[in-house]
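In what follows, a structure is listed as structure tokens, so that the remarks can point back to it.
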Amino acid sequence: MPVYPPINVFAFDLDGTIYKGNTIIDGAAEVINYINNLGIQIVYFTNSSTRTREQIVDKLGGMGLVTSLNKVYTSAYATAVYANEKSYSKVWCIGTAGLNSEIETFGIQIAEDISLAEALIIGLDPEFDYNKLAEIMPFRSSDCPIIACNRDRSYPVENGRFLPGCGPIVAAVEDALGRKVDCVTGKPSTYMLGLLTSDWNYINSDIIVVGDSYDSDIQMANSYGCRSFLISSSMNHCTDGTTIVQNIGDIIQYLT
């Protein structure tokens, strides 16, 4: 699929697309610089819920990719926006300090008494264990909404390794409570794309999504009616509106 103008914004996934762990992927900086020189806006989308947007901006800056807070969309931020839209005042949170910080930015308190929580929020928590699962059992007999940042099974880091994602924690919570989550704000949900179009007054045809996950990035793009690039070394995936490239640097040939 040749990429024809107008393209007003590139929405880049981060983990596995721009970097793995703390290492930038070969060709990523060149593509970002090329697109910047074309005058096309760049935003970043990530299902990561462990860091604040400020931390993501700092991480990208350390890799030579200068951006601003309003061009970074994380599942933690999206979940905080969603909780604010629902007017929750106190929530119970499984997750990191970064997720808590994003939620608290909107004036929402992290409940210390589970009986006062108006929603249960689930993010990636490297310290999740049996005790944390046991703590939330009161929600089993409650109709309190459950919001998940994402369902990712894993995410890529350096040296070809993968680490468990938020999805296994969500699955454990669902199994323990005997019910499904009520909302997932991260990809492949289109909620973050909805925030982007609202924030910047774009429409779906203005946006092209770039990611390495068909099930996450590309499904989000397809559901929202956006064009997309899938970075994949296998050619098993092919859908209308999606261009498959072997490496992120290959995108440049479609822009010349």
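Annotations for the structure displayed:
- Region 91-146, subset charged (D, E, K, R) and in contact with a strand residue (DSSP E or B) (Cβ under 7 Å, 6 or more places away or on another chain), residue nearest to residue 178 (Cα to Cα): 132
- Boolean, residue 14 is touching a strand residue (DSSP E or B) at 6+ places or on another chain (Cβ under 8 Å) and either among the hydrophobic types (A, V, I, L, M, F, W, C) or without any contact (Cβ under 8 Å) to a residue 24 or more places away in the chain (or both): yes
- Exactly one residue out of 136, 251, 218 is surrounded by 20 or more Cβ atoms within 10 Å (Cβ to Cβ), in contact (Cβ under 8 Å) with a residue 40 or more places away in the chain and closer than 19 Å to residue 18 by Cα: that is 251.
- Of all residues in region 182-198, those satisfying the criterion of being more than 14 Å from residue 83 (Cβ to Cβ), assigned to a helix (DSSP H, G or I) and under 12 Å from the mean Cα position of the chain (by Cα) are 192, 193.
- Residue in region 142-155 that is assigned to a helix (DSSP H, G or I) and not assigned by TED's automatic domain parsing to the domain that holds residue 212 present: no
- Residue match in region 239-249 (condition: modelled with pLDDT of 95 or more, under 28 Å from residue 76 (Cβ atoms) and in the same structural domain as residue 36 (by TED's automatic domain parsing)): yes
- Filtered residues of region 1-37 (kept if out of contact with any helix residue (DSSP H, G or I) (no Cβ under 8 Å at 6 or more places or on another chain), assigned to a loop (DSSP other than H, G, I, E, B) and surrounded by fewer than 13 Cβ atoms within 10 Å (Cβ to Cβ)): 4, 5
The values are calculated or read from the model by the stated rules, or taken from the named source; none is laboratory data. Bear in mind that the values here come from a model prediction, so they are computed numbers and not experimental data. Please note: Cβ atoms are built from the backbone with ideal geometry, for glycine as well, and neighbour counts cover all protein chains shown.
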